[in-house]
Amino acid sequence: MNRIGRSLAWLLALLACGVVAAHAQTGYPDRPVKIIVPIGPGGSYDLVGRQLADALSKRMGQGFVVENKPGAGTVVGTQAASQSAPDGYTLVVGGLSNMAFNSALYSKLAYDPRNDFVPVALIYKFGYVMVGRKDLPHAKLQDIVAAAKANPGSISVATAGVGTGQHLVAAAFMKAAGVKFQEIPYKGSPPAFADLLAGRIDLFFDSMAAGLPYVQSGQARGIAVLSSKRSPLAPDVPTMSEAGVSGLDVDSWLGIFAPAKTPPEAIAKLRKEIRASLPELKERFEKSGGEVWDLPDDKLDAFVASEYDNWTKLIREAGIKLD
């Protein structure tokens with residue numbers, strides 16, 4: 001081969017390498033992506049996983065497939081995601097339960113949310129509401145707090161299972177207000193609401209989506225919302241701060257997480273396409289009682305770390321365990 005031929009071959013080789021490198025950066029995804037939902041069908045985790053999978057499939061021209069993987073709360077599905085290849089083709093819906101609560105609730109957790117995952121995007125948040133039976137003699141939050149302080153355990157509160165968001169929000173309220181309620185455990189929200197509406201228990205904390213319809217229908221009393229602003233679904237229900245208990249601006253959140261060491265190029269592309277999908281998801285999320293949330297990329301790590309620290313501290317101080 002003469003010198004010109006060798007130069008041409010070298011140039012072609014360089015061009016080929018450039019094409020391969022460009023494809024490696026821009027070709028993701030070139031096969032279906034799995035989104036693990038660590039609970040069964042239904043509920044907010046499933047909502048976020050399915051709505052986002054639908055939006056990304058349309059935008060990216062590749063299938064995003066939801067796999068419900070329930071078990072031990074959110075542990076089984078999240079553990080499976082942590083053990084998957086960090087290639088961008090397995091993602092998991094993450095929220096307070098699997099990315100914060102579980103580390104304190106279980107003595108031995110098979111995954112480490114701090115080191116095994118990277119937050120891709122936090123896109124959905126919803127608040128909680130404190131509801132009371134409609135004939136509760138204490139009409140205002142300050143009256144409830146005063147009665148509970150005067151006679152600890154005289155007011156009952158339902159919990160939807162040990163370690164659930166409803167349980168931990170109730171624990172956060174009791175700590176902030178300096179009161180002690182009589183805790184009545186239930187297996188989920190429906191039986192708790194059944195007894196609240198029947199007047200057999202006094203209070204229950206649940207998501208606004210679950211609790212506010214009973215307030216709007218007059219079947220229960222809206223005491224206060226645990227968020228920084230009132231809900232447009234119940235504008236007459238004050239926030240905790242307005243009602244006299246500060247430090248309880250509690251929003252639950254959900255988003256997409258990837259196994260640690262997932263290629264930065266895949267993370268960047270997912271973030272771009274997820275952000276572009278948010279306008280489409282806005283109406284769907286609002287119908288569920290939540291809202292779209294677009295937390296900037298440079299704030300993701302610090303926010304998730306602070307939520308982990310705050311909630312694990314509260315759970316450990318309250319002595320709540322699941323094993």
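The values are calculated or read from the model by the stated rules, or taken from the named source; none is laboratory data. Nothing here was measured: the structure is a model prediction, and the numbers come from that model. FYI the Cβ positions are ideal-geometry reconstructions off the backbone, even for glycines, and counts take in every protein chain you see. The protein model used for the area step is the full one, side chains on, heavy atoms only, and it has no ligands, DNA or RNA in it. Shrake-Rupley method; radii C 1.70, N 1.55, O 1.52, S 1.80 Å.
Details
- Across the options Tyr186, Ser306, Ser241, the greatest Cα extent toward the positive end of the charge dipole of the chain (unit charges at beta carbon of Lys, Arg, Asp, Glu) belongs to Ser306.
- Protection proxy ranking, highest mean first, for peptides 219-231, 136-148: 219-231, 136-148, where packing is the per-residue count of other beta-carbon atoms within 10 Å, averaged.
- Relative contact order for segment 63-136: 22 percent, from Cα pairs under 8 Å spaced at least 6 residues apart, divided by residue count.
- Prolate/oblate/rounded call for segment 284-323, Cα gyration tensor, a/c under 1.5 rounded: oblate
- For the chain: accessible area per residue (Å², 1.4 Å): 46 Å²
- Between Gln62 and Asp236, the contour length at 0.36 nm per residue exceeds the Cα-Cα span by 58.1 nm.
- Dipole in debye (nearest 20) - segment 151-294, about Cα centre, beta carbon charges: Lys, Arg +1; Asp, Glu -1: 280 debye
- Relative contact order [Cα under 8 Å, 6+ residues apart], the chain, whole percent: 26 percent
- Note on Lys287: aspartates and glutamates with a C-alpha under 16 Å away, same-chain residues under 8 apart excluded, are Asp46.
- Volume per residue for segment 129-245 equals 88 cubic angstrom (convex hull of Cα atoms).
- 13 Å beta-carbon shell around Ala150, net charge (K/R +1, D/E -1): +1
- In this structure, the residue pairs whose Cα-Cα separation is over 25 Å, taken from Lys299/Lys321; Lys34/Lys125; Lys108/Lys180, are Lys299/Lys321; Lys108/Lys180.
- Computed in the context of the full set of protein chains, the accessible area of the chain at 1.4 Å probe radius has 55% of its extent on carbon or sulfur.
- When you restrict to C-alpha pairs under 8 Å that are six or more residues apart and normalise by the size of segment 201-323, the relative contact order lands at 15 percent.
- Considering segment 168-323, its Cα convex hull presents a mean projected area of 11.6 nm².
- Rg and Dmax of the chain, Cα atoms only, in Å: 23.6, 98
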